[in-house]
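Below: one structure, written as structure tokens.
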Amino acid sequence: MVAGARAVVIGAEGGIGAALVASLQTSGRFEHVHALSRRPPPDNEGVRTGVIDVTDEESIRTAADQIGSPLDLVIVATGILHEDGRMPEKALRELEGAALARIFQINTIGPALVLKYFAPLLAKDRRTVVAALSARVGSISDNRSGGWYGYRASKAALNMIVKSAAIELRRSRPQAICVALHPGTVDTALSKPFQARVPAEKLFAAQYSADQLLAVLVDLGPGDSGAIFAWDGARIQP
């Protein structure tokens with residue numbers, strides 16, 4: 001562990017986010033783990049909790065100011081697929097502007113603003129990582145079934161944000177790694193309406209997915225920055 005090493009998980013109240021916090025807390029690699037969410041629990045041993053709302057830029061800026069630098073790891077674990085009974089669109093006729101704006105706000109704009117305020121806090125003198133949870137269905141080249149317009153498009157846009165941020169970060173922080181991650185189909189509220197069609201061996205517990213993602217991050221180098229990686233380390237084409 002680097003003395004004073006610090007990790008931040010944004011979206012720590014979600015299934016994957018909470019599992020990431022638990023793994024980082026017990027890994028021994030970080031002196032402090034910051035767990036940020038809209039409704040944070042009290043601090044506990046080794047974890048410092050705080051408030052963040054990725055739909056509110058001022059909330060993101062305030063959270064970054066409170067944590068400060070240097071940081072070694074930042075993971076954005078927020079995301080939305082369905083909400084208030086509204087399921088992913090299956091056809092063009094189902095598209096609604098407000099719903100599209102909402103899903104882009106959470107899946108794309110929020111993580112982009114996190115990068116705006118948290119990437120400058122990454123340490124400059126050592127290897128650092130910033131990662132955002134994306135999805136395989138955000139791959140344009142891999143889209144063979146259509147549908148899920150808003151979710152697919154918002155994750156594809158997130159992948160481009162990550163790619164551009166990686167290029168920019170390389171100029172000031174050559175050891176920084178900025179990537180998007182596909183966690184697989186995880187047994188959380190996000191996937192709950194769709195789990196009946198998922199084979200048991202492909203439906204992951206949140207802790208398993210979190211551990212896999214962290215193992216992937218450990219093996220990455222600066223040359224991997226800007227790419228999209230699945231839970232098993234496989235590189236996903238944009």
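The values are calculated or read from the model by the stated rules, or taken from the named source; none is laboratory data. Being a predicted model, the structure only gives us computed values, none of them experimental. FYI the Cβ positions are ideal-geometry reconstructions off the backbone, even for glycines, and counts take in every protein chain you see. The protein model used for the area step is the full one, side chains on, heavy atoms only, and it has no ligands, DNA or RNA in it. Shrake-Rupley method; radii C 1.70, N 1.55, O 1.52, S 1.80 Å.
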Exercise. Are any of the residues in region 54-62 free of Cβ contacts under 8 Å to residues at least 40 places away in the same chain, open to solvent by 50 Å² or more (accessible area, probe 1.4 Å) and either within 28 Å of Arg136 (Cα to Cα) or not in a helix (DSSP H, G or I) (or both)?
Worked result: yes
Problem set entry | Residue in region 215-234 that is hydroxyl-bearing (Ser, Thr, Tyr) and open to solvent by 20 Å² or more (accessible area, probe 1.4 Å) present | no
For this session: Looking at (1) under 19 Å from the mean Cα position of the chain (by Cα); (2) within 27 Å of Gly184 (Cβ to Cβ), find the lone condition where Ser59 falls short.
Result: (2)
Exercise. Quick one: how many residues across region 106-153 are in a loop (DSSP other than H, G, I, E, B), within 30 Å of Leu92 (Cβ to Cβ) and touching a residue at least 60 places away in the same chain (Cβ under 8 Å)?
Worked result: 6
For this session: Within region 137-144, identify whether any single residue is hydrophobic (A, V, I, L, M, F, W, C), at pLDDT below 95 and within 17 Å of the chain's Cα centre (by Cα), and answer yes or no.
Result: yes
Problem set entry | Pair list, Cβ under 6 Å, 6 or more apart: region 197-222 residue under 17 Å from Ala176 (Cα atoms) and of a type outside the set (Lys, Arg), other residue at pLDDT 95 or above and open to solvent by 70 Å² or more (accessible area, probe 1.4 Å) | Pro222/Gln175
Problem set entry | Which listed residue, of Lys192, Lys202, is under 21 Å from Trp148 (Cβ atoms) and either touching a Ser or Thr at 6+ places or on another chain (Cβ under 8 Å) or surrounded by 19 or more Cβ atoms within 10 Å (Cβ to Cβ) (or both) | Lys202
Seminar exercise, completed: From the option list Val33, Val8, single residue qualifying as open to solvent by less than 30 Å² (accessible area, probe 1.4 Å) and under 14 Å from the mean Cα position of the chain (by Cα) is Val8
For this session: Output the residue which, of all residues in region 121-170 that are of a type in the set (Lys, Arg) and open to solvent by less than 70 Å² (accessible area, probe 1.4 Å), is farthest from Leu100 (Cα to Cα).
Result: Arg126
Exercise. Within the bounds of region 176-186, is there any residue that is buried (at least 21 other Cβ atoms within 10 Å of the Cβ) and at pLDDT below 95?
Worked result: yes
Exercise. Mind checking which pairs have a first residue in region 166-190 that is farther than 19 Å from Glu13 by Cα and a second that is in a loop (DSSP other than H, G, I, E, B) and open to solvent by less than 30 Å² (accessible area, probe 1.4 Å), Cβ under 6 Å, 6 or more apart or different chains?
Worked result: Ala166/Ser225; Ala166/Gly226; Ile177/Leu220; Ile177/Ser225; Cys178/Ser225; Val179/Ala227; Ala180/Ser134
